[in-house]
Amino acid sequence: MTRPWRFAAEAVALLTAAVVAFPLYWMVLSAFKPEGEVQSDRPRPWTLHPTLDAFRRVFGQQDFGRYFLNSLLVAAVVVLASAIVAFLAATAVTRFRFRFRTTLLVMFLVAQMVPVEALAIPLFFLMRDAGEVVPAIGLNTLGSLILPHLAFSLPFAVWMLRGFVKAVPEALEEAAHLDGASRTRFLWQILFPLVFPGLVATSVFSFISTWNDFLFARSFIVSATENSTLPMALLVFFKDEGNDWGGIMAASTVMTLPVLLFFVLVQRRLVSGLGGAVKD
């Protein structure tokens, strides 16, 4: 690439990054602004009097820590369970021949096309009826949040991991069998490390969709507020007499920190995972 075109591409990339990052900057800035500056009709992109009052109101909220732990528990279970199930399912649809395999793969894609909002009411009645048989997944339980998120995460995860499993040559599996490795040993000691970047990429998707969920948390946790998740904590700052925008921005900042930490921990694997880098 010639130097002028490279300079133009870098300028466009920087401009795009600035546009994407500006809402995050404004959120953090508003969280540290005094109440008067937040409510001002002449907002400024800086503050000379930063304060932690908004964060004090957030952490002073009753059961905020419990909401945080509930969100962390639900997200962790969904990420781990979806990764294991998707890995096994992707291996099955790639390595084995069986009837309706193509139909199953198409159904995975069709499931991604259905809006979550269209299924909220049917899922509500499903969770209500399922709770009569298995109380752990009924309404007002964390299980009622884990199960739907797991179901919505699996189609994308299976479809994406299928490409990673397919990229691993069958000759490698045959060589492992000749060396005396069982199918189980090949699955977990050879195939699993090779497709691990893909698992990281799908885990990021599962974590973000579960961590930021408001629809299911609002629909399925009806009365047991002790099982509410972190997005529900933001409702406290929406009031009839006026919204507490400082508190909203501070709570949103706190909610964003685990996502950023998760990205920092998996960023190297994530890049290779999104690129589909599985070496022969």
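The values are calculated or read from the model by the stated rules, or taken from the named source; none is laboratory data. What you see is a predicted model, and the numbers here were worked out from it, not measured in a lab. Positions of Cβ are generated from backbone atoms using ideal geometry, with glycine treated the same way; all protein chains shown enter the neighbour counts. Accessible surface areas use protein heavy atoms only, side chains included; no ligands, DNA or RNA. Shrake-Rupley method; radii C 1.70, N 1.55, O 1.52, S 1.80 Å.
Enter the accessible area per residue of the chain (Å², integer; probe 1.4 Å; all protein chains in place).
59 Å²
With the dipole of the stretch 1-138 worked out from charges on the C-beta (+1 for Lys and Arg, -1 for Asp and Glu) around the Cα centre, which of LEU73, PRO4, LEU123 lies farthest toward the positive end?
PRO4
Using label points projected 7 Å from each Cα along Cα→Cβ, tell me how many nm separate ASN243 and ARG128, to one decimal.
So the two model labels end up 3.0 nm from each other.
For a protection proxy built on the mean count of beta-carbon atoms within 10 angstrom, sort 136-146, 174-184 highest first, please.
Highest mean packing first, the order is 136-146, 174-184.
In the stretch 1-154, what percent of the accessible surface is made up of carbon and sulfur (1.4 Å probe, ligands and nucleic acids excluded)?
72 percent
Post the alpha-carbon centroid distance, the stretch 5-53 to the stretch 204-261, in whole angstrom.
Cα centroid to Cα centroid, the span is 22 Å.
Per residue and in Å³, how big is the convex hull formed by the alpha-carbon atoms of the stretch 105-260?
159 Å³
Magnitude of the Cβ-charge dipole of the chain, K/R +1 and D/E -1, about the Cα centre, nearest 20 debye?
Dipole about the Cα centre, nearest 20: 880 debye.
Explain nothing, just the number: dipole magnitude of the stretch 55-135 about its Cα centre with +1 on each Lys and Arg Cβ and -1 on each Asp and Glu Cβ, in debye rounded to the nearest 20.
340 debye
What's the Kirkwood radius of the stretch 1-83 in Å, using all Cα pairs?
16.8 Å
Using θ = phi - 60° and the Karplus relation 6.51 cos²θ - 1.76 cosθ + 1.60, list the HN-Hα couplings for the stretch 212-218 in order, rounded to whole Hz, with x at every Gly or Pro.
So the J values, rounded to whole Hz, are 8, 5, 10, 4, 5, 5, 6.
So how do 25-35, 52-62 stack up, highest first, on mean other-Cβ count within 10 Å?
25-35, 52-62
I'd like to know which of ALA157, LEU261, PRO197 lies farthest towards the positive end of the charge dipole of the chain, counting +1 on Cβ of Lys and Arg and -1 on Cβ of Asp and Glu.
The listed residue farthest towards the positive side: PRO197.
Per the helix-only calculation at 222 nm, which mean residue ellipticity applies to the chain, given -39500 (n - 2.57) for every DSSP H run of n ≥ 4 and division by its residues, nearest 500 deg cm²/dmol?
So the calculated ellipticity at 222 nm is -23500 deg cm²/dmol.
For the ranges 125-131, 4-10, what's the packing order if you count other beta-carbon atoms within 10 Å of each residue, average per peptide, and put the highest first?
125-131, 4-10
Based on the Cα coordinates of the chain, what is the per residue volume of their convex hull in Å³?
Hull volume over Cα atoms, normalised by residue count, gives 200 Å³.
Nearest 10 degrees is fine. How inclined is helix 245-274 to the longest principal axis of the chain, computing both from alpha carbons?
20 degrees
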